[in-house]
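Reading through the structure tokens given below for one structure.
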Amino acid sequence: DTEVTQTPKHLVMGMTNKKSLKCEQHMGHRAMYWYKQKAKKPPELMFVYSYEKLSINESVPSRFSPECPNSSLLNLHLHALQPEDSALYLCASSRVGGGALGEQFFGPGTRLTVL
Amino acid sequence: AQSVTQLGSHVSVSEGALVLLRCNYSSSVPPYLFWYVQYPNQGLQLLLKYTSAATLVKGINGFEAEFKKSETSFHLTKPSAHMSDAAEYFCAVSLGGADGLTFGKGTHLIIQP
């Protein structure tokens, strides 16, 4: 299985809502990533988990809260978002160690709209 | 720190013509380089990767790229464009391991019939 799955595909939320994005992979990868992609822009790294521990946080506002419950799952909890947070949120995974080359496998993304 | 620069935000070619998408990188250590393709409203798909094993890298869908250290370049080519190649293409760099990818700004490839 070489697939990264993300749910939901689309999400519309108000600024006072709490919601979560989910990502899952079964490739045995021990690194998982969240990226944010605005329209007509490249993906921007938000968080990296390595061996289920947060290893990189690119100064992301606290209204975004990542969680890695196990090696296959990655969540992104959303609370009190702003309209400018509307974007495509991409999850990715990769191998770690043993000559891992940084090649990442991406999910299809969750299209988030904040009203 | 590493970075990539993609020359040309839009490239238009005729169907059957050569595709050339340019990418230059900057890195203080030997980098790992990637080309990804993104179709509308989809995630990113890996086209090919440079891992220092060979300077000419072949990928999926007939694409290939050549790593030139002297020019710090990793340009993407395809001999004959198909309509289905129309998409956004991103060059990316990584230090390997669990390092995040740093992307170029992307090149939108347009295929003229």
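The values are calculated or read from the model by the stated rules, or taken from the named source; none is laboratory data. Owing to the predicted nature of the structure, the values given are computational and were not obtained by experimental measurement. Every residue, glycine as well, gets a Cβ built from its backbone with ideal geometry; the counts of neighbours run over all protein chains shown.
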Note on B:GLY8: of the conditions (1) surrounded by 19 or more Cβ atoms within 10 Å (Cβ to Cβ); (2) over 20 Å from A:GLU44 (Cβ atoms), unmet is (1)
All positions within segment B:82-105 that are surrounded by fewer than 22 Cβ atoms within 10 Å (Cβ to Cβ) and over 23 Å from A:GLY97 (Cα atoms) | B:HIS82, B:MET83, B:SER84, B:ASP85, B:ALA86, B:ALA87, B:GLU88, B:LYS105
Selection count, segment A:50-98, where residues are more than 20 Å from A:GLN25 (Cβ to Cβ), among the aliphatic types (A, V, I, L, M) and free of Cβ contacts under 8 Å to residues at least 40 places away in the same chain = 1
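Taking B:VAL29, is it among the aliphatic types (A, V, I, L, M), more than 29 Å from B:GLN112 (Cβ to Cβ), in contact (Cβ under 8 Å) with a residue 60 or more places away in the chain and not in a helix (DSSP H, G or I)? Reasoning before the result, please.
Details: among the aliphatic types (A, V, I, L, M): yes; more than 29 Å from B:GLN112 (Cβ to Cβ): yes; in contact (Cβ under 8 Å) with a residue 60 or more places away in the chain: yes; not in a helix (DSSP H, G or I): yes.
Spelling it out, B:VAL29 is indeed among the aliphatic types (A, V, I, L, M), more than 29 Å from B:GLN112 (Cβ to Cβ), in contact (Cβ under 8 Å) with a residue 60 or more places away in the chain and not in a helix (DSSP H, G or I).
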Out of all the residues in segment A:40-61, which are at the interface with chain B (Cβ under 8 Å from one of its Cβ atoms) and among the polar types (S, T, N, Q)?
-> A:SER50, A:SER55
Taking the stated definitions as given, is A:SER55 within 25 Å of B:LEU95 (Cα to Cα), hydroxyl-bearing (Ser, Thr, Tyr) and not in a strand (DSSP E or B)?
-> no
Of (1) of a type in the set (Ser, Thr, Tyr); (2) exposed (fewer than 12 other Cβ atoms within 10 Å of the Cβ); (3) touching a helix residue (DSSP H, G or I) at 6+ places or on another chain (Cβ under 9 Å), B:SER70 satisfies all except one. Which?
-> (3)
Farther than 30 Å from A:SER50 by Cα, of a type outside the set (A, V, I, L, M) and at pLDDT below 95, is that true of B:SER27?
-> no
